[in-house]
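Student: Pasting in a structure now, in structure tokens, and then I'll have a few things to ask.
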Amino acid sequence: MVVFKKPEALADVPLHYCPGCTHGIVHRLVAEVIDELGIEGKTIGVAPVGCSVMAYNYFNCDMVEASHGRAPAVATGLKRANPEGHVVFTYQGDGDLASIGMAETVHSAARNENITIIFINNAIYGMTGGQMAPTSLPGQVTQTSPYGRDVKACGYPVKICEMLSELEGPEYLERVAVNNVANVRKAKKAIKKAFENQLNNKGFSLVEVISTCPTNWGMTPQKALEWVDEKMIPYYPLGVYKDRSAESEEK
């Protein structure tokens, strides 16, 4: 009989996230994958600056806190120091990864570092009060774009998977969402593949997760899930953007 319970790799403590925030779902998926692969004792997570700054309280594996945007660089050092048998993952938001940490992201991907990045894209700076992020949609209202993001003044959103897919280095890039049951299942499959890639020494894997931020979007949790379907996914299409192993098998 299958019993639904908290994963062993997820600490039995209350999460600090706002009601309706999907960080909790992604945390559970990461923890479930760690359990299923039996790697809790050899997993190292890197917490960033952002809403998940206290992720070290939630995962029952070794955790390291990184300076703002520097998680891929820290993960690179950790992995190179522990190249065999350890899984090193970062858990980063769009402000952390796609703004101040863009260089670390791009160059770790270009070098095909054997690390895993879990990238949370909720189109806004969550922790600091709802400012416009690199991923905020055109016309999106935020604290720093009260009339909507003006692409003439602020440019267009950064599409991380599309951008990194142009590099030769990355092993695996996929964009998923967690706004319904079917998408949650696909997200877990992608996260597991990213971890398995690392265990098999295939190199850099990034899973981008389209997520919600009801508080800073000014929506109810239910409306935020609908907004993901109506606005975010059309702009950030889900799917695999690069999978070198699959490409090699096809050839």
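Student: Let me confirm something: among Ile39, Ile44, Ile34, which residue is touching a His at 6+ places or on another chain (Cβ under 7 Å) and modelled with pLDDT of 95 or more?
Tutor: Working: Ile39 fails: touching a His at 6+ places or on another chain (Cβ under 7 Å); Ile34 fails: touching a His at 6+ places or on another chain (Cβ under 7 Å).
Within the list Ile39, Ile44, Ile34, the selection yields Ile44.
Student: On to the next question. If Cys61 satisfies every condition in (1) within 20 Å of Cys21 (Cβ to Cβ); (2) touching a Gly at 6+ places or on another chain (Cβ under 8 Å) but one, which is the exception?
Tutor: Among (1) within 20 Å of Cys21 (Cβ to Cβ); (2) touching a Gly at 6+ places or on another chain (Cβ under 8 Å), Cys61 violates only (1).
Student: Now for a separate question. Please specify each residue of region 113-155 satisfying the condition of being in a loop (DSSP other than H, G, I, E, B) and charged (D, E, K, R). Outline the logic, then answer.
Tutor: Kept after step one, since they are in a loop (DSSP other than H, G, I, E, B), are these residues of region 113-155: 113-115, 122-141, 143-144, 146-150, 155.
Across region 113-155, the qualifying residues are Glu113, Arg149, Asp150.
Student: Mind listing whichever residues of region 218-241 are closer than 14 Å to Gly130 by Cβ and surrounded by fewer than 22 Cβ atoms within 10 Å (Cβ to Cβ)?
Tutor: Pass one, region 218-241, residues closer than 14 Å to Gly130 by Cβ: 218-219, 224.
Result: Gly218, Met219.
Student: Among the polar types (S, T, N, Q), closer than 23 Å to Ile25 by Cβ and more than 15 Å from the chain's Cα centre (by Cα), is that true of Thr116?
Tutor: No, not satisfied.
Student: Using beta carbons and a limit of 7 Å, which pairs, at least six apart or on different chains, have the first residue in region 142-165 and touching a residue at least 12 places away in the same chain (Cβ under 8 Å) and the second one of a type in the set (Lys, Arg)?
Tutor: Cys161/Arg175; Ser165/Lys242
Student: Now, a different point. Give Glu32, Glu104, Glu65 a once-over and let me know the one that is among the charged types (D, E, K, R) and closer than 15 Å to Leu206 by Cβ.
Tutor: Exactly one residue qualifies, and that residue is Glu104.
Student: Any idea how many residues of region 98-112 are assigned to a loop (DSSP other than H, G, I, E, B) and within 14 Å of Gly50 (Cβ to Cβ)?
Tutor: The qualifying residues number 1.
Student: Go through (1) buried (at least 18 other Cβ atoms within 10 Å of the Cβ); (2) modelled with pLDDT of 95 or more for Arg244 and report which single condition fails.
Tutor: Only one criterion in (1) buried (at least 18 other Cβ atoms within 10 Å of the Cβ); (2) modelled with pLDDT of 95 or more is unmet by Arg244, namely (2).
Student: In addition: What's the total number of residues in region 71-104 that are buried (at least 22 other Cβ atoms within 10 Å of the Cβ), farther than 19 Å from Asn197 by Cβ and not aliphatic (A, V, I, L, M)?
Tutor: 6
Student: Can you name the residue in region 19-30 that is of a type in the set (A, V, I, L, M, F, W, C) and either at pLDDT below 95 or surrounded by 22 or more Cβ atoms within 10 Å (Cβ to Cβ) (or both) and, of all such residues, is nearest to the chain's Cα centre (by Cα)?
Tutor: Val26
Student: A further question follows. If you take the residues of region 160-185 that are among the polar types (S, T, N, Q) and assigned to a loop (DSSP other than H, G, I, E, B), which of them is surrounded by the most Cβ atoms within 10 Å (Cβ to Cβ)?
Tutor: Asn179
The values are calculated or read from the model by the stated rules, or taken from the named source; none is laboratory data. The structure displayed is predicted, hence computed values, not measured ones. Counting neighbours? That spans all protein chains shown, and the Cβs are built from the backbone with ideal geometry, glycine included.
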